[in-house]
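Undergrad: So that we are looking at the same thing, I have put the structure below in structure tokens.
A short reminder: the numbers here are calculations on the coordinates, not readings from a lab. Fair warning: this is a prediction, and the values are worked out from it, not measured in the lab. Virtual Cβ from ideal backbone geometry, glycine too; neighbours counted across all protein chains shown.
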Amino acid sequence: KLLVVRLARPAKRNALNDATVEAIDRVFSSVSDDVRAIVLHGEGAHFSAGLDLAELTERDAVQGLMHSRMWHQALDRIQFGKAPVIAALHGAVIGGGLELACAAHIRVAEPSAYYALPEGQRGIFVGGGASVRLPRLIGVPLMLDMMMTGRVIKAEEGKPLGFAQYLV
């Protein structure tokens, strides 16, 4: 049995708000035993443009830590769940969307995909696990470069760098 999980906020480029992250957590924590694989994709032109900045709020250190832990819990459910997860990447795969993609076991990109970590330019920390998962895929120097410069990596360049295993 194949489970298809769709990010369904195309008007927001599938930006991740708290409700979406909580829904991801619920879905991946309740996968039935007969599911053999999961495909994660975004509706519309983008996989995910990351954190929904419209919902960004000022948090103290403890609140920020708890918010980050919510993301970690949801993404851990993907990475350490019952079934392998294949992320189908297209359009924006940036910020939190890239963190989400990194939790998948296989990443398949189409030529429209592009990757970025704009958090550093916005004074935001990569709180969803990119500081751990992404360097394992692409290395620390490239991740630091992306965070500090805002560099965007296109799908074709990204495949040999480790962003995706397949380019279709």
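Undergrad: Any idea what the relative contact order of the range 1-58 is, in percent, if you count C-alpha pairs under 8 Å spaced at least 6 apart?
TA: About 56 percent, as a whole number.
Undergrad: Tell me the net charge near R26. Cut-off is 13 Å between Cβ atoms, R26 excluded, with +1 for each Lys or Arg and -1 for each Asp or Glu.
TA: That works out to -2.
Undergrad: Which listed residue (L75, L89, A113) has the Cα farthest towards the positive end of the charge dipole for the range 70-122, taking +1 on Lys and Arg C-beta and -1 on Asp and Glu C-beta about the Cα centre?
TA: Comparing the listed Cα positions along the dipole, L75 ranks first.
Undergrad: Compute the length gained on full extension between E22 and H72: take 0.36 nm times their separation in residues and subtract their Cα-Cα distance, giving the result in nm to one decimal.
TA: Length difference between fully extended and current span is 16.9 nm.
Undergrad: What does the net charge come to around Y166 if you take all other residues with beta carbon closer than 9 Å to its beta carbon, with K and R at +1 and D and E at -1?
TA: Surrounding charge for Y166 is +2.
Undergrad: If you don't mind, there's one more thing I want to ask. Could you calculate the FRET efficiency of E55 with V132 from 1/(1 + (r/R0)^6), where r is the beta carbon distance between them and R0 is 41 Å, rounded to 0.05?
TA: For R0 = 41 Å, the calculated efficiency reads 0.95.
Undergrad: Obtain the nm distance between the two label points defined at H105 and E43 by a simple spin-label model: each point lies 7 Å from its Cα along the Cα-to-C-beta direction.
TA: 2.7
Undergrad: If you place +1 on the Cβ of every Lys and Arg, -1 on the Cβ of every Asp and Glu, and leave all else neutral, what size is the dipole of the range 1-58 about its Cα centre, to the nearest 20 Debye?
TA: That gives a dipole near 340 debye.
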